[in-house]
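Asks: Okay, handing you the structure first.
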Amino acid sequence: MEIRSYSYIKKLLGDRTYENFSGYAKTYIPIATIILVVLFVLSQFVHWKIVSWLLNLTLGTSLLFIAYVLGVILLLDFGVDVEMKEDWNGRHSMPEVMPSPFKNTIIWAYTLLILGIAAIYFSNKYKKNYAFECQTFLVDENRGIYHLEDGNDDEDMEYTTEMKGYELEKLNYTFCESCREWVEEMGSE
């Protein structure tokens, strides 16, 4: 009898596919992690459009971040020893009934999947919030409202200053009604 290490994910993907993807994950996930850490640290201290663009490219529901999450799931996956049965032709195959520790890998795989979905969701919220912080707004300090810099122009607006989104978060200003309607129209198209 031969003993091999198996997990639920490895059983789903197959031996070769699992080993190929694990090899890619071991190569690229550390590099991607360093890039993401640098972007997160930069986003805490600066509010640059280039950082916002890079976060938009690498976080949330982008294919790069989904591939990153799947790679991390493969790296965090663990296997248990399974005693393979020998077929009549000398090949080894999976046993009919998996050992009881194998159920732990099923629970772990679903836990990693739920954590991966949560990471995608919260990183999407983070990148949208950071994009708001980097955007420039025209502010009417007398009326306490802010207006999109590149939105439709309202003739009766008197702009007293330009501010970034992170500056507006500290103040209690409201979004201009005409801009809100314009953004909703653009979003629906």
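Asks: Using the Karplus curve 6.51 cos²θ - 1.76 cosθ + 1.60 with θ = phi - 60°, what ³J(HN,Hα) values do you get for each residue of the stretch 37-52, in whole Hz, with x for Gly and Pro?
Replies: Computed from phi, the couplings for the stretch 37-52 are 5, 4, 5, 5, 5, 4, 5, 7, 10, 10, 10, 9, 5, 5, 5, 4 Hz.
Asks: Compute the signed sum of charges (Lys and Arg +1, Asp and Glu -1) over the other residues within less than 15 Å, Cβ to Cβ, of Asn172.
Replies: For residues surrounding Asn172, the net value is -2.
Asks: Now, a different point. Any idea of Thr160's accessible area? Nearest 10 Å², probe 1.4 Å.
Replies: 60 Å²
Asks: Taking Lys26 as the anchor, which lysines have their alpha carbon closer than 16 Å to its alpha carbon, excluding any fewer than eight residues away along the same chain?
Replies: Leaving aside lysines fewer than 8 places away in the same chain, those within reach of Lys26 are Lys10.
Asks: Provide the net charge surrounding Ala131, with neighbours chosen by a C-beta distance below 12 Å and charges set as Lys +1, Arg +1, Asp -1, Glu -1.
Replies: In short, +4.
The values are calculated or read from the model by the stated rules, or taken from the named source; none is laboratory data. Not measured: the values here are computed from a predicted model. All Cβ positions, glycine included, derive from the backbone under ideal geometry; neighbour counts span all protein chains shown. Surface accessibility is based on the protein's heavy atoms, side chains included, excluding ligands, DNA and RNA. Shrake-Rupley method; radii C 1.70, N 1.55, O 1.52, S 1.80 Å.
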